[in-house]
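Let me begin by presenting the structure, written as structure tokens, before commenting on it.
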Amino acid sequence: MVEIRSPSVRRGWSESVRARASEIVKQYPDPRSAVMPLLYLAMAEEGYLTDNGMREVAGAVGLTPAQVRAVASFYTMYKRENPGRYLISCCTSISCMLLGSDEVLGAIEDESDVAAGETDPEGLISVEHVECIGACGGAPAVTVNYELIEGMTTEKARELVRWLRAARPEAIVGAECQELFGGRRSFDWGPFDRDSALGPYPAFGPLGTVSGPAGEQDG
Amino acid sequence: MAEPVTVTINRRAVSAQPGEMLIKTAQDNGVYIPRFCWHPRMNPVGMCRMCLVEIETPRGPLMVTSCTTPVSDGMTVDTTNPTVKKAQEGVLEFLLINHPLDCPVCDRAGECPLQDQTMAYGPGESRFVEEKRHFEKPIPISELVMLDRERCILCARCTRFSEEISGDPLIEFQERGNYTEVNTFPDEPFRSYFSGNTVQICPVGALTATPYRFRARPWDLTFVESTCQHCSSGDRINLQSSQNRLLRILGVDSEPTNQGWLSDKCRFGFEYVASPARLTSPLVRDSEGELREASWGEALDYAARALGEVISSSGGRAVAGLGGARGTNEDAYAFSKFLRAAVGTNSVDCQMDDGLDPRLLSGVVDRARIADLESAGSILVWGPDLKEEHPTLYLRVRRAAQELGAGLVVVHPRATGLDDRASVKVTYRPGQGGQVLSELMDGAGRMAEAREVLSKGPVVALLGRPGYGESPDLAEATAAFVRSLPDARVMPLARRGNVFGALDMGLSPALLPGRAQRGTLAAQMLADRWGELPASSGRDCRGILEGLESGGIEALVLMGADPVRDVPDGELARRALGNAGVVVAIDQFLTDSSRMADVVFPAMGFSEVEGTVTNIEGRVLKVNRLTPGPGQSRPDWAILSDLAGRMGVDLGLVSAQQISGEIEELADIYRGVNWERLDWEDRDGIVVSGDLGYVPVFSHVASVDPRPGEMALHYARTMYDDGVMMRESPSLSPLAPGCAAHLHPSDAARLGVGEGDPVDVKSASGSLRAGVVIDPSVEPGVVYVPFNQPDTPSLGSVLGVVVES
């Protein structure tokens, strides 16, 4: 479940976000190690990574903004531009490519009229091609707001785009999308767990970047 | 040192220190392995792949990067076989894929490692027919540095320098893969005091310096090695000129001092040399009170007559001299001899009332060398912010703390450049230094940790005046305390390029050339050559200025000194010069001080005169001449010699080299220090020892509180200021931070002011209006004002100021 807020024009983080940031920093022996989870925090805060967000992260971990931006710009999943409400990421790494991801991506671009790397004018759909998303067994695979759909076909991809446009779901749930548009799965992904596979920043759920400070989501 | 190992390089056995990188061993043994990213003063990364060599392993030959492979005993290396050759060609072909062939318009061409190594090791042709990547070129990444990302080969030398060496990583690799580029954060320029070094170590023309861009071709440059005179570290530099104009300064890798690095002030602060404002003719004040051009004969006669009148009516002691710390030892010696032998006064000072006791500076017992920082167990820095005032020492201390594991205690009234590497940082309110020192001596409470750090010897203490509100006795008392720490050595800090040389030449009331004190045997020997030495005790800078104001001193000779701008109490200096009967100035510019003189002689300066200087550790280094002086300017010593001649005294000075010989003869500690040695086998300098053995005296320094309603003033220098050399260097003059009042957030709130709001800062001797900078690093109740900024009056060396919104 992804909550993407509209970008704020605030000059800096609020005290509560800063407190959460310092909570995360404390989990590492060296503050600079917290740069990646804090970038997710910054992204969650403003919807995407702004210069302001990166400056805040730099301040929190004791790096310069240039160093933080170096990390942020290396990884494609840190968005430095505001993505649409639904971000469709099509894997074009080798397994998916061999099984037709180029066609899938083409179909998504054609149906949505959004080229890879861009967002439609109303800010609803963004399309991108990404490197391996770890679903080679279910190739070709796409994610919508980081929720995985495996065994894609060109027809299903077009249906997916039409459904997003028409239904405008409040939240994207991987299992539901797989049911509606997916094909052969690599293996059973297990039960719904909002802090693991389903968050946009799964590994950092326990650190409080997903649903409040660490520990709150327990039980 | 560990037992050396034997390595076979190209079928030749050589010995090497274990752990040393192969590329270094090869280079030291005459085998050059091509490289781009490896730099002997930085940690290896193995990024460019240019230094591939083949080593023998139990599983057959293996290709490794020689910059990341430590030597081991019995290693067999081949750097030239066909496999290696093929690899080198391949790497160069890859590096050239995106490198534009714009060598004809590139500043680096002719001295470009990529160009040279492509010629020597490259494939000759490329198979790449696709489009190269394109960037906007070139973009300014700071006021001083331009970046051409198309030329960049991503060796990371610049980014590693700024992280590892200078500690301000404002440039980093951005993006990924084929889009990787070096860049800054969008609105945070590469405003580093050391940015010029990245230009020097860039192996291509990606980084260029705005002061040098398109000024010359490397093959048209004439050059000579010299020593920087901006700070007292004695940085070795390479002066480069074309058509008699100084165009560029590069750092020379000299182990004892700068190790190849320079601050931007040193690297780019030479433009003043060719400033149109330089004096080209003597000036004499005419009957209407205006300075007008005069011939040398007229000006010398005028000055000799004016000084002669004062001497015959009030004696030599009514004359005083200030300056000499910005020139060579030879010029300082001439000044000392002129004042003592021709004029007959001991009132001379090369410090501008901003330094420490000269005996402490040049004669402290157990004086530290810069190299002691490398082996230090712990370091105490209690003085000026090294990054602002002693950039080379800043880099050396930083390296000691960051790479060599020394503990670091920094005591300063606000944030300093070393804070991020300090084990303990003590911030205090100016005036409370005595209190801080006694706490540190007790080692209790908040100081327990600092004492713990300083218990690890050998201890090196760098001590000076953190700001001008602080008593100079504090540094001496601290030096006395430091002697109780294990294996402690003290490095007293003082400003101005050759202040230590000037003190060694006797430009201080109590000292004579060769660190001799009056009344000693050495002084006796000096008198045999100089004639009778003045008996009266002299006055220091403050004494001289006060004497001029009150009339006790009637005439002043300035040699490269601008007391109105340089003395913390500039207003006192202004009054003193205004009240002086006669002021004779030897200067390169009409400064605020020389403007008030009766006679001004145009002097040659940096890159125009040959001579020696003495650095902060007593290391004598050679400065050399590359460009002619402007107009009719002459060297300081020649002016003084002629002036003495017109006063009827033959100083016996013939040339700078002859003076150097005279120094060698008369100053015992300078025995054996001559130009031949310094020009050839001892280009890194010769340390003169034979200290006074001055034992610092501990005195209780009372804590001073500002009066009620006042704030404590921290009044300290910044690297770029409104000194005449900076003001006349167009590349650096805009970089002065400008007048500002740094306040703690709580004080700003109390005064009801925010960032940028104007406040009035008033002291007993001056007042100024400055924009507020909210600075949490100062203690509440403290205001920090940078000293000598453009268009700002002086506040004086006071502790308390009134700050009003």
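Laboratory data are not the source of any read-out in this text; all were calculated from the coordinates shown. Source: prediction; values computed, not measured. Here the Cβ is made from the backbone with ideal geometry for all residues, glycine too, and neighbour counts use every protein chain on show.
Taking each residue in A:67-75, count the Cβ atoms of any other chain within 10 Å of its Cβ, then average. What number comes out?
Per residue, the number of nearby Cβ atoms from other chains is 6 on average.
In whole Å, what are the extents of the range B:5-95 along the principal axes defined by its C-alpha atoms, from largest to smallest?
35, 31, 23
Mind checking the range B:397-465 for GluC sites (Glu not before Pro) that DSSP puts in a loop (not H, G, I, E or B) and that have at most 16 other Cβ atoms within 10 Å?
Within the range B:397-465, the qualifying GluC sites (Glu not before Pro) (loop, at most 16 other Cβ atoms within 10 Å) are B:E403.
Just for the protein assembly as shown, what percent of DSSP beta bridges are antiparallel, to the closest 5?
Beta bridges within the protein assembly as shown, antiparallel portion: roughly 55 percent.
Compute the separation of the alpha-carbon centres of the range B:763-805 and the range B:727-753 and state it in Å as a whole number.
9
Mind checking the range B:107-143 for trypsin sites (Lys or Arg not before Pro) that DSSP puts in a loop (not H, G, I, E or B) and that have at most 15 other Cβ atoms within 10 Å?
B:R127, B:K132, B:R133
How many angstrom lie between the Cα centre of the range B:1-34 and the Cα centre of the range B:290-323?
64
Can you list the lysines whose alpha carbon sits under 28 Å from that of A:K26, skipping same-chain ones fewer than 8 residues off?
Straight-line reach from A:K26, under 28 Å: A:K79, B:K425.
Over chain B, what is the percentage of antiparallel beta bridges among all DSSP beta bridges, to the nearest 5?
Once the DSSP bridges in chain B are tallied, antiparallel ones form about 55 percent.
With just the Cα atoms of the range A:134-189, tell me how far they stretch along each of the three principal axes, in Å, largest first.
Principal extents (Cα only, largest first): 30, 22, 15 Å.
At each listed q (0.15, 0.19 Å⁻¹), what is the log10 of I(q)/I(0) that the Debye formula gives for the range B:251-398 modelled as equal alpha-carbon point scatterers?
-1.07, -1.33
Which values, in whole Å and largest first, are the semi-axes of the equivalent ellipsoid of the range B:192-278 obtained as the square root of 5 times each eigenvalue of the Cα gyration tensor? Display every interim value, and only then the final one.
Working: eigenvalues 71, 55, 33 Å².
Calculated on Cα positions only, the semi-axes equal 19, 17, 13 Å.
So, how do all the Cα-to-Cα distances of the range B:526-681 break down into 10 Å bins, in percent, from 0 on up?
With 10 Å bins starting at 0, P(r) equals 10, 30, 36, 23, 2, 0.
When the helix-only estimate is applied to chain B (DSSP H runs of n ≥ 4, each -39,500 (n - 2.57), divided by the residue count), what is the mean residue ellipticity at 222 nm, nearest 500 deg cm²/dmol?
It lands at -7000 deg cm²/dmol.
With no solvent and one equal point scatterer per Cα, compute the Debye intensity ratio I(q)/I(0) for the protein assembly as shown at 0.04, 0.05, 0.10 Å⁻¹ and report its log10, rounded to two decimals.
-0.25, -0.39, -1.28
So what's the range B:1-154 giving for Rg/Rh, alpha carbon basis, Kirkwood Rh from the mean inverse pair distance?
That ratio equals 1.03.
Between 0 and 90 degrees, rounded to the nearest ten: what's the tilt of helix B:656-666 against the longest Cα principal axis of chain B?
Helix B:656-666 sits roughly 70 degrees off the main axis of chain B.
Once the Cα gyration tensor of the range B:711-804 is found, what semi-axes does its equivalent ellipsoid get, as square roots of 5 times the eigenvalues, in whole Å, sorted largest first?
Numbers: eigenvalues 108, 41, 23 Å².
In descending order the semi-axes read 23, 14, 11 Å.
Over the Cα atoms of the range B:402-460, how large are the radius of gyration and the largest Cα-Cα distance (Dmax), in Å?
Radius of gyration, then largest Cα-Cα span, for the range B:402-460: 11.6, 34 Å.
Under the definition of partner shielding as Cβ atoms of other protein chains within 10 Å of a residue Cβ, what is the mean value for peptide B:179-188?
Mean number of neighbouring Cβ atoms from other chains: 4.
Counting partner chain Cβ atoms within 10 Å of every residue's Cβ in B:164-176, what's the average?
Shielding by partners across B:164-176 averages 4.
Take the alpha carbon atoms of the range A:32-71, find their center, do the same for the range B:52-76, and report the distance between the two centers in whole angstrom.
41
Taking only C-alpha pairs under 8 Å that are 6+ residues apart, what is the relative contact order of chain B in percent?
After rounding, I find 13 percent.
Just flag the GluC sites (Glu not before Pro) in the range B:242-341 sitting in loop per DSSP whose Cβ has no more than 14 other Cβ atoms within 10 Å.
Here the GluC sites (Glu not before Pro) that fit, given the DSSP loop and packing criteria, are B:E288, B:E290.
I need the shape label for the range B:494-595. Rule: rounded when a/c is under 1.5, else prolate if a/b > b/c, else oblate, with a, b, c from the alpha carbon gyration tensor.
prolate
How big is the equivalent ellipsoid of the range B:359-492 along its three axes, where each semi-axis is √(5λ) from the Cα gyration tensor, reported in whole Å from largest to smallest? Let's see the in-between values first.
On the way: eigenvalues 69, 53, 50 Å².
Taking √(5λ) for each Cα gyration eigenvalue gives 19, 16, 16 Å.
How far is helix B:636-646 tilted, in degrees, relative to the longest principal axis of the Cα atoms in chain B, given as a value from 0 to 90 rounded to the nearest 10?
Relative to chain B, helix B:636-646 is tipped by roughly 20 degrees.
By how many degrees, between 0 and 90 and to the nearest 10, does the Cα long axis of helix B:473-482 differ from the longest principal axis of chain B?
That works out to roughly 50 degrees.
So, how do all the Cα-to-Cα distances of the range A:74-175 break down into 10 Å bins, in percent, from 0 on up?
17, 54, 28, 1
Just the number, please: percent antiparallel of the DSSP beta bridges in the range B:711-804, rounded to the nearest 5.
Of all bridge pairs located within the range B:711-804, approximately 60 percent are antiparallel.
Starting from the exponent 0.38 and prefactor 2.2 Å, build the expected Rg for the range A:7-72 from its residue count and divide its actual Cα Rg by it.
0.97
Once the dipole of the range B:1-95 is set up with Lys and Arg at +1 and Asp and Glu at -1 on Cβ about the Cα centre, which of B:G90, B:W38, B:T8 lies farthest towards its positive end?
Working it through, the farthest residue towards the positive pole turns out to be B:G90.
Please report, in whole Å, how far the alpha carbons of the range B:464-547 spread along each principal axis, starting with the longest.
Between the extreme Cα coordinates on each principal axis of the range B:464-547 lie 43, 35, 23 Å.
What number do you get for chain B when its Cα radius of gyration is normalised by 2.2 N^0.38 Å, N = residues?
Compared with the compact-globule rule of thumb, chain B sits at 1.00.
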